[in-house]
Amino acid sequence: MNEKKDRKNDLMEKVVSLCKRRGFIFPGSEIYGGMANTWDYGPYGVELKKNIADLWWKTFVQKRDDMVGLDSAIITNPKVWEASGHVSNFNDPLVDCRKCKMRHRGDKLLEEKIGIDETNKIAFEEIGKKMTELKITCPNCGGTDWTDARKFNLLFETHVGVLVDKKNTAYLRGETAQGIFINFKNILDTQSLKLPFGIAQIGKAFRNEITPKNFIFRTREFEQMEIEYFIRPPKEERDWRDIFERWQEDIKNFFEKDLGISAKNMRWRRHDDNERSFYSKDTYDVEYNYSGIGWGELLGFAYRTDYDLQQHIKHSGADLFYRDENGEKFVPHCIEPSWGLTRTLLAVLLEFYTEEEISTSKNKTETRVVMKFPKQLAPIKVAVLPLSKKDELLAISQKIWINLRENFRVEHHSNGSIGKRYRRQDEIGTPYCVTVDFETLNDQAVTVRDRDTMKQERIKISELEKYFEEKLA
Ligand code: GAP
């Protein structure tokens, strides 16, 4: 068995095609001609996304005694975003190509040519001029003449109620994090939490991106998994740095041990003074080497000081102070790991897409496509496949299916050749296939095929549940 993986060239294309073909991710609004850069998660995509989110929740909320969860509203009072700074500062530089009039994000085009560090040194007002000077080509027409950059606010505006009026303006949340800050007091009042503690949230966020692209990498509607971890105001750097470094360790472990992403495909890129927000003391982008895109941010990690809570105190007048057991009152500081759930899912799809050359029974070789997801992430854990549609086999296979699905996500398929059915399950990453054959009628046993090794073993039906409990633990 010869495993080949081409990270450079067409891996992204292959993954996009598999996602559509096998029911992970579909283009949005397809039957109406589509809606550019929107994506719908199909039966396996929704399972995979949920499994990633569940694993994250289990790791960072369920198994810790210093974390609680939240699910805050998507439609929010505009004052939240005025306080957070998003209304005035959440802008991208919009440039127009003078030749074809197409609009682009100037900083991203510059980044592709001169890298992110050099781009960060260029002042907003200089972006258009620099692009013309460097002869940056328009991706649409090849033109090299650019307008000055204008500020384009990313918040998604909507109107609440029947009147489309400035007074009824609301924003869809641009990040889940602000929902955490505005519920800080509610959580303090209802939970017995002692610093340091964190609040976690998973959910949709919306940004009116100028150039959404690269499949689900940059979209206008996406999902985040965010944590705001509150600490005492530090007296010296070590006080926050120790906790910051522990989080770095926890994040690394989650990527490498829980998600199984190889260290060589991840890197931590530290923001320099030009890139880092003025209130942050240290910030990293944790990047994945996305095939066809290159290094792209998967997670933002920052020590945000007490900026957010102070802003909400100033704008809302609410009491967002913490009182310790000695009666001391202060505004906690905060460390924020902010994952893109949909970007994590894309990394997982690229990471575990595998092609293997295998020999067939006719002494030929063929390519087997396998999604080698870690078992916990696999959308379907077991497929039950009766060798034929004969009633006596179906009676047994359906009983096995019904029993196993009490504990695991299991499919039952009786159509098509067994080879084709195995191939389909390999492509969706199902770790085990159970085949019911005519021998089953005599020995009350079935064949269990392992996705990765393709080895088969005979297991008594009465022992199947225990077998999978151990294998899928
Ligand atoms: N609360 C901090 C915050 O939102 P961010 O770096 O703007 O920080 C965090 O976003 C993560 O959200 C990113 O690392 C990325 O994974 C994801 N993300 C941001 N914009 C996205 C988009 N347009 N499409 C998909 N994911 C996005």
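The values are calculated or read from the model by the stated rules, or taken from the named source; none is laboratory data. Computed from a predicted model, the values in this text were never measured in an experiment. Cβ sites come from the backbone with ideal geometry, for glycine too, and all protein chains shown count toward neighbours.
Structural remarks
- Enumeration of residues in the range 256-290 that are under 16 Å from the mean Cα position of the chain (by Cα) and of a type outside the set (F, W, Y): E256, D258, L259, G260, I261, N265, M266, D285, V286, E287, N289
- Taking the range 169-209 as the range and being among the β-branched types (V, I, T) and either surrounded by fewer than 19 Cβ atoms within 10 Å (Cβ to Cβ) or closer than 12 Å to F230 by Cβ (or both) as the test, the residues that pass are T169, I180, I187, T190, I199.
- Taking (1) among the small types (G, A, S); (2) within 16 Å of the ligand (Cβ to nearest atom); (3) part of a loop (DSSP other than H, G, I, E, B); (4) in contact (Cβ under 8 Å) with a residue 60 or more places away in the chain in turn, G260 satisfies each apart from (2).
- Residues of the range 334-374 satisfying the condition of being away from the ligand (no atom under 16 Å from the Cβ) and of a type in the set (D, E): E355, E356, E357, E366
- Pair list, Cβ < 6 Å and 6+ apart or interchain, from the range 267-278 residues that are over 15 Å from A123 (Cα atoms) to residues that are surrounded by 12 or more Cβ atoms within 10 Å (Cβ to Cβ): R267/E287; W268/Y284; W268/V286; R269/D285; R269/E287; R270/Y284; H271/T283
- Residue within the range 205-217 that is more than 12 Å from the ligand (Cβ to nearest atom) and either in a loop (DSSP other than H, G, I, E, B) or within 17 Å of A53 (Cα to Cα) (or both) present: no
- Scanning the range 427-469 for residues that are without any contact (Cβ under 8 Å) to a residue 12 or more places away in the chain, touching a Ser or Thr at 6+ places or on another chain (Cβ under 9 Å) and closer than 14 Å to I396 by Cα turns up just one, E439.
- Candidates E209, E223, E228, filtered to the one that is touching a residue at least 24 places away in the same chain (Cβ under 8 Å) and within 22 Å of S316 (Cα to Cα): E228
- Scanning the range 26-40 for residues that are among the small types (G, A, S), surrounded by 15 or more Cβ atoms within 10 Å (Cβ to Cβ) and within 30 Å of L309 (Cβ to Cβ) turns up nothing.
- Every residue from the range 167-201 that is closer than 17 Å to E336 by Cα and away from the ligand (no atom under 12 Å from the Cβ): I182, N183, F184, L195, P196, F197, G198, I199, A200
- Residue that is farthest from D242 (Cα to Cα) [pool: residues in the range 299-332 that are within 16 Å of the ligand (Cβ to nearest atom) and not in a helix (DSSP H, G or I)]: L299
- H271 being more than 30 Å from F215 (Cα to Cα), crowded, with 17+ Cβ neighbours inside 10 Å and within 16 Å of the ligand (Cβ to nearest atom): no
- Close pairs (7 angstrom Cβ cut-off, 6 or more residues apart or separate chains): polar (S, T, N, Q) in the range 106-122, in a loop (DSSP other than H, G, I, E, B) anywhere: N120/D272; N120/N274; N120/E275
- The listed residue being closer than 21 Å to K471 by Cα and in contact with a strand residue (DSSP E or B) (Cβ under 6 Å, 6 or more places away or on another chain), out of E357, E427, E406: E427
- For the range 101-193, no helices (runs of 4 or more DSSP H) sit wholly inside it while including 3 or more residues that are modelled with pLDDT under 90 and within 30 Å of P332 (Cα to Cα).
- Failed criterion for E249 (all others in (1) more than 30 Å from V16 (Cα to Cα); (2) outside any strand (DSSP E or B); (3) within 15 Å of the ligand (Cβ to nearest atom) hold): (3)
- Test for V369: is it crowded, with 19+ Cβ neighbours inside 10 Å and at negative phi: no
- Condition met for I199 (part of a loop (DSSP other than H, G, I, E, B), in contact with a helix residue (DSSP H, G or I) (Cβ under 9 Å, 6 or more places away or on another chain) and aliphatic (A, V, I, L, M)): no
- G429 on the phi > 0 side of the Ramachandran plot, of a type in the set (G, A, S), buried (at least 17 other Cβ atoms within 10 Å of the Cβ) and at pLDDT 95 or above: yes
- Residues (within 9 Å of the ligand (Cβ to nearest atom) and out of contact with any helix residue (DSSP H, G or I) (no Cβ under 8 Å at 6 or more places or on another chain)) located in the range 218-239: R218, R220, E221
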